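S.K.: Just passing along the structure, written as structure tokens.
Just so it is clear, none of the values below were taken in a lab; they were calculated from the coordinates. These numbers come from a predicted model, not from an experiment. All Cβ positions, even for glycine, are placed from backbone atoms using ideal geometry, and neighbour counts span all protein chains on display.
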Amino acid sequence: MSATGGGTGGLGRRAMQLGEAEARRLGATSMGRNVFGYNVNARAPYESLGYETTAVQMRKDLTTPFSG
């Protein structure tokens with residue numbers, strides 16, 4: 001399920017909003033989401049819901065020679 005619904009009529013977006021409302025009701029002050037770095041299309045829906053990038057994780061494949 002995607003945050004914007006991805007063709008589901010906005011069900012994913014609505015589920016996120018309901019989850020946020022319930023978290024607020026229970027006293028939560030923030031929510032976080034993990035999005036894999038290669039999945040750039042997943043960021044926009046969360047950003048449209050007010051989520052901000054707070055960290056970027058980087059890695060290097062050591063099985064290939066560095067040519068820089």
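S.K.: Sum -39500 (n - 2.57) across every DSSP H segment of at least 4 residues in the chain, then divide by the residue count to get the 222 nm mean residue ellipticity, nearest 500. Write out the running numbers ahead of the final one.
M.R.: Working: 2 runs with 21 residues, N = 68.
So the calculated ellipticity at 222 nm is -9000 deg cm²/dmol.
S.K.: Right, next: Based on Cα coordinates alone, diagonalise the gyration tensor for the chain, multiply each eigenvalue by 5, take square roots, and list the semi-axes in whole Å, largest first. Walk me through the numbers on the way to the answer.
M.R.: Numbers: eigenvalues 196, 52, 15 Å².
Rounded to whole Å, the semi-axes are 31, 16, 9.
S.K.: Of the peptides 19-27, 42-50, how do they stack up when ordered by the mean number of other Cβ atoms within 10 Å, highest first?
M.R.: Working: 19-27: 10.2, 42-50: 13.9.
Descending mean neighbour count gives 42-50, 19-27.
S.K.: Residue by residue, what Karplus-based ³J(HN,Hα) values in Hz, rounded to whole numbers, does region 10-15 have, using 6.51, -1.76 and 1.60 with θ = phi - 60° and x for Gly and Pro?
M.R.: Coupling constants for region 10-15: x, 5, x, 4, 5, 4 Hz.
S.K.: What FRET efficiency would be calculated for the residue pair L26, E52, taking the C-beta separation as r and a Förster radius of 25 Å, to the nearest 0.05? Display every interim value, and only then the final one.
M.R.: On the way: r = 22 Å, r/R0 = 0.87.
E(calc), rounded to 0.05, equals 0.70.
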